[in-house]
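First the structure, in the form of C-alpha cells, and then the observations on it.
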Amino acid sequence: MLNKPVLVESLIVFIIVLFVHAVVWDRYSWCAIALAVQAFYVQFKWDRLLQLGGAVFQFRTAANSGLLPASMVIPLLGIVMKERCKSAGIVYFERFGIVVASTGMLVALFLSVIAVGVTKPVPTNTCILTGVAGSVIIYTMKHSLTVSEVIEVLEVLLIFVYLSMILLYLLPRCFTPGEALLVLGGISFVLNQLIKRSLNVIEGRGDPIDFFLLVAVVGVVLLGLFFTVLFIFMDSGTWISSMFFHMMTAVLGLGVIMPWLYRLIQRNPLFWLLQFLFQTQTRVYLLVYWTFLAASACGVVFYQNAKRSSESKKHQASTITRKYFHFIVVATYVPGLIYDHQLLYVAAVLCLAVFVVLEYIRYFRIKPFGQTLRHLLSLFLDERDSGPLILTHIYLLLGMSLPVWLFPRSCAPKGTLSGAGALVPYSGVLAVGVGDTIASVFGSTVGEIKWPGTKKTFEGTMTAIFAQIIAVALILIFDSSVNLNSSYAWILASVTLVSLLEAYTTQIDNLLLPLYLQIMFMA
C-alpha cells in the first residue's frame, strides 16, 4: 500500500523540479526530471528494504528512505548555480555548476542501482526506468563534460562509495538513505575539491575563507575516522586514552591541518585568523554579541538539566524548549548577514569544528567532559537521534550555514544576486529559524487540523508561511543590500512549497528545507 505522506512529499519535490525546469529549460533540467522520475519509483524499493530489514546497512527506522528529496538537492543546486554564473559571464563557475549537477546525478543513480540490485525479486519495470534515466544522464554528461571534468565526477563517486562503506558501518541508525546521500555526498565533494586545490596551488588565487571551510570539514572527518579505528583497540573512557585523545588532536591539528592550510593560503593560518577576526570594530562587536548568545545557549542547557528531577530520569525537553535554540541561532545569524557575511562564514566554520569535536568527546566518553556532555545533551534527544551520535544540533548549524557557504559570491559582482536571489543567504534563517520554529510552536500549542497522515497541523504550516513573509519584509527594511525587483510572487511560491515540504517530510528538516529554499531563490 502506498504511503500518502510520501506521495505528497514526492509531489512537492516534483513541483520544485518543474519550477526549476521552467526557468532553466536545458538538457540538464531535462536530466533532472528523468532523475526525479526514477528516484520516485526506486524510493519505494528502498522503503520496502528498510521495512523488511533487507538493507545492507542499518538506517534510521523512524523515517522513510527519503531518496527522492535527497537525490534532487545536489543536481538542482548545480543547475541553478550554472545558470546564475552563466548570466554573470563567469565561465569557470558555470563549468563548476555543471560538474556539481553531474556529480549529484551520478551519486543518486548509484544509490538507486544499489536498491534495485538487492531487491528480491528483481523489479523489472524499475530496472528499465533506472536504465533509461541513467542512459539519458550519461549521454548528456558525455556531450557536456571535458575529460578532466569526467575524471573529477568519477573521483567524487569513488570517494562516496568508500566513505559510505566505512561510515554507515561505523554509525548504524544515524542516517536514512537520503540523509546519507546528502551528508556523505557533500563530504565526498569537499574532500575531492580539497585534494584538487592542494595539487594545483597558485599563489594569490582563491579566497582563504573557502580553503578554511574545506580544510576544517576534511580535518574533523579524518580526526573522527582516526580515533574510531584507534579506540577499537583501546578503552576510550580511561584517563590514559583521554590524554592520548587530547594530545593527538593537538598533533593532528598543528602538525597536519595547519601546514595543509598554510600551503593553500600561503600565510600562517593562526595569524591570518586573528587578523581576520579583529580586522574592524564591527567584527569585535559581533564577536562579543555572539559570545553572549553562546553563553545564553549554555545557560538554557544547564537550566533545563537543573529542572530535571531525580524521579523523572526519562524526562525529555519539550518541542518549545528545543526551539529556544532556533531563536538563539536566528539572533546569531541575522546581524552577521546584515553587517559582515565573511565573518559569519568563518565563525560558522569554527562553530562546526567545535560542535563536531565536542560530539567526539561525548561519543568516546573522553575525560573530563565526556560523561558530563552525555548527561547534559540526553535531555534534548528526540526520535531522530536513534544512532550512537547526536546530530540534530549539528544539522541545525549546517542548515543555517549552508546557504551562507554555498552562496555564489564570484557570480554576484555587487555581493548580492538580483531578485529573489538576494535572499539566498537568508534561506536557513527563513526555512529553519523562522518557518520550522513557528510551525512547531504554533502547531503544538494551538494546532487542531492535522495534515492527512502526519502529526503536523494546518495552522502551524499557515502560520509558518505568514511568519516567513513578515521576516522577508523585515529583511527588506534592515538590509539595504537586498533588492527583490518585484519577485514577490516567486518568493511566496517558494516559501509555501518549502513549508508544505516541512509538513510532510520525515527527513532531517533542518538540513533539507534550507537547501530547497536556496534552490528556489537562486532559480
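The values are calculated or read from the model by the stated rules, or taken from the named source; none is laboratory data. Since we're looking at a predicted model, the values are computed, not measured. A quick note on method: Cβ atoms are made from the backbone with ideal geometry, for glycine too, and the neighbour counts reach across all protein chains shown. Accessible surface is based on the protein model in full, side chains and every heavy atom, while ligands, DNA and RNA are left aside. Shrake-Rupley method; radii C 1.70, N 1.55, O 1.52, S 1.80 Å.
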Enumeration of residues in the range 355-388 that are more than 17 Å from the chain's Cα centre (by Cα) and of a type in the set (A, V, I, L, M): VAL357, LEU358, ILE361, ILE366, LEU373, LEU376, LEU377, LEU379, LEU381
Residue within the range 301-308 that is over 22 Å from ARG374 (Cβ atoms) and either touching a helix residue (DSSP H, G or I) at 6+ places or on another chain (Cβ under 9 Å) or open to solvent by 20 Å² or more (accessible area, probe 1.4 Å) (or both) present: no
Unmet criterion (only one of (1) of a type in the set (Phe, Trp, Tyr); (2) surrounded by fewer than 14 Cβ atoms within 10 Å (Cβ to Cβ); (3) closer than 23 Å to ARG263 by Cα) for TYR169: (3)
Condition broken by VAL80, with the remaining ones in (1) in contact with a Leu (Cβ under 9 Å, 6 or more places away or on another chain); (2) surrounded by 23 or more Cβ atoms within 10 Å (Cβ to Cβ) satisfied: (1)
The range 339-366, residues that are open to solvent by 60 Å² or more (accessible area, probe 1.4 Å) and within 22 Å of ILE475 (Cβ to Cβ): TYR339, HIS341, GLN342
Residues (in contact with a strand residue (DSSP E or B) (Cβ under 8 Å, 6 or more places away or on another chain) and open to solvent by 80 Å² or more (accessible area, probe 1.4 Å)) located in the range 451-472: PHE458
Options PHE227, PHE211; residue that is surrounded by 17 or more Cβ atoms within 10 Å (Cβ to Cβ) and touching a Lys or Arg at 6+ places or on another chain (Cβ under 8 Å): PHE211
Number of positions in the range 42-54 that are open to solvent by 20 Å² or more (accessible area, probe 1.4 Å) and either aromatic (Phe, Trp, Tyr) or assigned to a loop (DSSP other than H, G, I, E, B) (or both): 3
Scan of the range 404-421 for residues that are modelled with pLDDT of 80 or more and either open to solvent by 50 Å² or more (accessible area, probe 1.4 Å) or out of contact with any helix residue (DSSP H, G or I) (no Cβ under 7 Å at 6 or more places or on another chain) (or both), ordered by number: LEU406
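Hey, among the residues in the range 378-399 that are of a type in the set (A, V, I, L, M, F, W, C) and more than 18 Å from VAL220 (Cβ to Cβ), which one's least open to solvent (accessible area, probe 1.4 Å)? Explain how you work it out, then say what you get.
First, pick out the residues of the range 378-399 that are of a type in the set (A, V, I, L, M, F, W, C): 379-381, 389-391, 394, 396-398.
If we keep only those that are more than 18 Å from VAL220 (Cβ to Cβ) too, we end up with 379-381.
Values: LEU379: 1, PHE380: 24, LEU381: 54 Å².
Ranking the qualifying residues of the range 378-399, first place goes to LEU379.
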